[in-house]
1. Counting only helical runs of four or more DSSP H residues, what would the 222 nm mean residue ellipticity of the chain come to if each run contributes -39,500 (n - 2.57) and the total is spread over all its residues?
2. Using a probe of 1.4 angstrom, how much of the accessible area of the chain is carbon and sulfur, in percent?
3. Sequence neighbours fewer than 8 away in the same chain don't count; with that in mind, list the lysines whose C-alpha is under 19 Å from K326.
4. Which three semi-axes in whole Å describe the equivalent ellipsoid of region 202-276, each the square root of 5 times a Cα gyration tensor eigenvalue, listed largest first?
5. Quote the Stokes-Einstein diffusion coefficient, in whole µm² s⁻¹, for the chain, based on the Kirkwood radius over alpha carbon pairs, a temperature of 10 °C and a viscosity of 1.306 mPa s.
6. DSSP beta bridges in the chain, what fraction antiparallel, as a percent rounded to 5?
7. Per residue, how much accessible area does the chain have with a 1.4 Å probe, in Å²?
8. Could you order peptides 151-164, 211-224 by the average number of other Cβ atoms within 10 Å of their residues, highest first?
Amino acid sequence: MYASNALGDRRKKVRINVKKGIISYGEAFIDFIAKNESNTDFDPFLGGTTVNVAVGVQKLGAKAYYICKLGSDETSDFVRKKLLIEGVNQSGCVTSEIKKVCEVYVHKSKEEDRYFYSYIDSTPHEQIYKHELQEALFEQAAIFYFGSGTLFHPISQETTKEAVKLAKKHRMLVAFDPNIRMKRWESESACRNTATQFLYETDILKISQDELLFLMNSTDLTESLEKLRAYHIPYVWVTQGENGAVAVTANQALHVSANEVQAIDTTGAGDAFMAGILWCIHEKGLPESEESRKQYTMFANALGGAVSARYGGMISLKAKDVSSIKAGS
């Protein structure tokens with residue numbers, strides 16, 4: 001696992017202080033989910049990994065700041081209204097007259113299964129530039145979160161680097177979820193080489209087992225965890241879907257089983273898990289004991305399970321659902 005001396009040095013540098021709030025930087029999506037197997041009529045849902053995390057931490061009670069570029073058309077207005085309803089701070093968002101929000105179409109088969117059909121991004125070059133970042137947000141927030149969706153494009157990659165610099169400058173924790181979508185990358189090697197560069201700057205890593213194996217270029221979990229040591233990441237969670245998650249520390253890999261649920265749509269389960277971990281750290285502090293790591297993971301598992309039991313991701317959770325999960329944690 002991780003070398004304890006390196007881990008100790010990092011922990012001295014990454015601590016929650018009086019600053020409050022979680023910044024999520026990424027790109028918003030509209031998920032159009034087919035109502036039936038004719039696949040001609042769709043229900044729109046606000047989507048995207050970083051949107052889901054922002055909505056998730058806000059629903060849980062922590063202040064969420066969202067950074068993205070939006071347009072001036074109806075789809076962008078749909079995003080703004082949904083974020084406003086959820087209470088997510090949009091002061092870091094930037095407007096471009098030509099930006100079009102990415103659209104994802106999910107079709108339904110005769111067997112009632114839903115599947116990805118198409119992805120439409122008509123303005124991929126319309127990204128936030130690093131000079132458009134608002135340093136004031138980084139001065140007041142405690143955690144900066146991002147995913148690989150800001151790394152596939154040169155402009156957004158440079159902006160992500162600048163955002164990480166600002167986060168480190170203002171003593172924020174940096175959280176990363178690779179959440180790899182190969183359709184956005186020109187090659188596997190480009191994706192792997194780019195994403196792993198950011199692991200050196202990461203304090204909190206949430207990664208699925210498949211993504212870990214991919215990034216470490218391995219077929220074995222133990223070997224992948226051993227390779228991950230080189231990045232000296234203090235807090236790591238490896239999610240394993242219905243099998244739960246593993247909280248990885250300097251000398252321990254603690255497995256926590258998932259709750260049994262009737263899964264309907266697992267699309268946003270990983271995002272909910274990340275939101276749960278970030279909320280726990282934001283509200284309760286860094287998990288320094290085995291018991292706290294177990295409790296944080298159980299809470300994140302419960303949140304992910306609740307989201308997978310319905311359509312719509314984190315935005316579908318009602319206040320009573322969140323209260324129930326928090327009460328049981």
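The values are calculated or read from the model by the stated rules, or taken from the named source; none is laboratory data. Source: prediction; values computed, not measured. All Cβ positions, even for glycine, are placed from backbone atoms using ideal geometry, and neighbour counts span all protein chains on display. Protein only, heavy atoms only, side chains kept; ligands, DNA and RNA dropped before computing areas. Shrake-Rupley method; radii C 1.70, N 1.55, O 1.52, S 1.80 Å.
1. Details: 11 runs with 129 residues, N = 329.
So the helix-based figure for the chain works out to -12000 deg cm²/dmol.
2. Values: 7010 of 14410 Å².
Looking at the chain in its full context, I get 49 percent from C and S.
3. K59, K63, K284, K294, K318
4. Over the Cα atoms of region 202-276, the semi-axes work out to 22, 13, 12 Å.
5. Working: Rh = 19.9 Å.
Estimated diffusion coefficient is 80 µm²/s.
6. Numbers: 20 of 48 bridges.
Counting only bridges with both partners in the chain, antiparallel ones make up about 40 percent.
7. Ligands and nucleic acids excluded, the result is 44 Å² per residue.
8. On the way: 151-164: 19.7, 211-224: 16.2.
Highest to lowest by the protection proxy: 151-164, 211-224.
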